[in-house]
Amino acid sequence: MKILVTGGTGYIGSHTVVELQQAGYEVIIADNLINSEASVVDAIGRITGIIPVFEEVDLADPGQADSVFQKHTDIKAVIHFAALKAVGDSVERPLEYYRNNIFSLINLLSSMSRHGVKHIVFSSSCTVYGQPDTLPVKESTARKDAESPYGNTKKIAEDILEDEVRAGSLRCIALRYFNPIGAHPTAMIGELPLGVPDNLVPYITQTAIGKRERLMIFGNDYETKDGTPVRDYIHVVDLAQAHVVALKRMLEDKQISPWEIFNLGTGNGFSVLEVINSFEKVSDMKLNYAFTDRRQGDIEKVWADTEYANQELGWKAERDLDEMMRSAWDWELALNDRNKKN
Ligand code: NAD
Ligand code: UFG
């Protein structure tokens, strides 16, 4: 069965392609490589023994988006990862984020409708909850005003999808990710941040490898266990596996309603200092870090209520924080070896 994975050479997409292939699906990747490398296609091939079909297209262009469906006439479902995702960058270039993320979705849905493709899994984010009034966050928790243009593209995309499902025969599962970290256990694929990383874990591993001098912790005066913000970190392989489960649920017609939302997290909140402690433990290194002011727009704490996903989707995150940090470190070491050879 052929599945189109947009953004399939990216961080979460590439891990999902591996899981899909290992579950027996045939994958077509559509990606314009704006935030990833073509070499990921070969890396996926080395892990699974199957090189996925790769189409280099910009989905924000309607003609290029449609060309994928014209060429591959038997696509059964789409998993849509392709998007720009840097929160700070989106504040500086809002139009680029709305253009890329919203046009891509509209083009994709138009082509799906034109070519009779009726199933889509969508990458949403816990960012749609903002700082929730009560924790843990359930799927029924109200969404808040977005804190960035990026966050707003996720909210708008959810609304577009829900309206489109209501209007016709489309079926959709929106997955709201908490904080994906870590890498594949083979260390052949992982996150490839361009320039200085915004996110905590790549910043930690780049500091440890010597690419950055020191990690700055944004605030230690929050009302949390140790004053640093708390997040629900989830291993990217657990996250990838949830996509296969969601896809199967749709294809086997097991949805309760054609528009569904699931939180994807572990249900555990860890502070920045706990993440650093875990890293120091698994790497047997001391990390150079210091405290600085809060980062604007950061929320204090958030973690998922996982009951609905566990019960209804029949999926549970299994990998713990140490495994997440170990795999992230192995990936950084592998990248370092690769850079030395080049
Ligand atoms: P990523 O940047 O590694 O992957 C996204 C991929 O989409 C990249 O390969 C990029 O080249 C591609 N892309 C972007 N615009 C495109 C376009 N117009 N046409 C074709 N390809 C395009 O990001 P990721 O971390 O793998 O995130 C995947 C999805 O999950 C995104 O939608 C992101 O917003 C969402 N998400 C990510 C996180 C996170 O922390 N990583 C959290 C919540 C939600
Ligand atoms: N942090 C630091 N120093 C750094 C980087 C991060 O102290 O150099 C802290 C942040 O203040 C925050 C925590 O580490 O408390 C996690 O920060 P990340 O940037 O890794 O993650 P966020 O929770 O801020 O946001 C991420 C993605 C968003 C997404 C959200 C929910 O960047 O796109 O997870 O999925 F919406």
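What follows is calculated from the coordinates using simple rules that are stated; it is not laboratory data. Just so it is clear, the model here is predicted, and its values are computed rather than measured. Positions of Cβ are generated from backbone atoms using ideal geometry, with glycine treated the same way; all protein chains shown enter the neighbour counts.
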Cut-off under 5 Å, modelled amide H: who pairs with residue 183 long-range
236, 327, 328
Dipole magnitude of the chain about its Cα centre (Cβ charges: Lys, Arg +1; Asp, Glu -1), debye to nearest 20:
400
Relative to the first principal axis of the alpha-carbon coordinates of the chain, what is the inclination of helix 200-209, with its axis defined by its Cα atoms, in degrees from 0 to 90 and to the nearest 10?
60
Sum of side-chain charges, residue 154 neighbourhood, beta-carbon under 13 Å (Lys, Arg +1; Asp, Glu -1)
0
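For Cα pairs less than 8 Å apart in space and 6+ apart in sequence, what is the mean separation divided by the residue count of the chain, i.e. the relative contact order in percent? Intermediate results must be reported in sequence, preceding the final value.
Details: 669 pairs, mean separation 63.8, N = 342.
Relative contact order comes out at 19 percent.
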For the stretch 290-298, take each phi angle, set θ = phi - 60°, evaluate the Karplus expression 6.51 cos²θ - 1.76 cosθ + 1.60, and give the result in whole Hz per residue in order, putting x for glycine and proline.
8, 9, 9, 5, 4, 8, 4, x, 5
About the Cα centre of the stretch 266-316, how large is the charge dipole given +1 on each Lys and Arg Cβ and -1 on each Asp and Glu Cβ? Please answer in debye to the nearest 20.
180
Based on the Cα atoms of the chain, what semi-axes does the equivalent ellipsoid have, where each is the square root of 5 times one gyration tensor eigenvalue, given in whole Å with the largest first?
31, 23, 19
Once phi is turned into ³J(HN,Hα) by the Karplus curve 6.51 cos²θ - 1.76 cosθ + 1.60 with θ = phi - 60°, what whole-Hz value does each residue of the stretch 39-45 show in order, with x for glycine and proline?
4, 4, 4, 5, 4, 4, x
Label points 7 Å out from Cα along the Cβ direction at residue 142 and residue 70: separation in nm?
4.7
Nearest 10, in degrees from 0 to 90: the angle of helix 62-71 to the longest Cα principal axis of the chain is 70
Which order do the peptides 251-261, 148-158, 56-66, 162-172 come out in when sorted by mean C-beta neighbours inside 10 angstrom, highest first?
148-158, 56-66, 162-172, 251-261
Please work out how much length the chain gains when fully extended from residue 290 to residue 221, using 0.36 nm per residue of separation minus the C-alpha to C-alpha distance, in nm with one decimal.
23.5 nm
Under 5 Å from the placed amide H of residue 217, counting only residues 5+ away or on other chains, we find 290, 291, 292
Cα-based reach from residue 281 at 15 Å (exclusive), listing aspartates and glutamates while leaving out same-chain residues under 8 positions away
320, 322, 323, 330
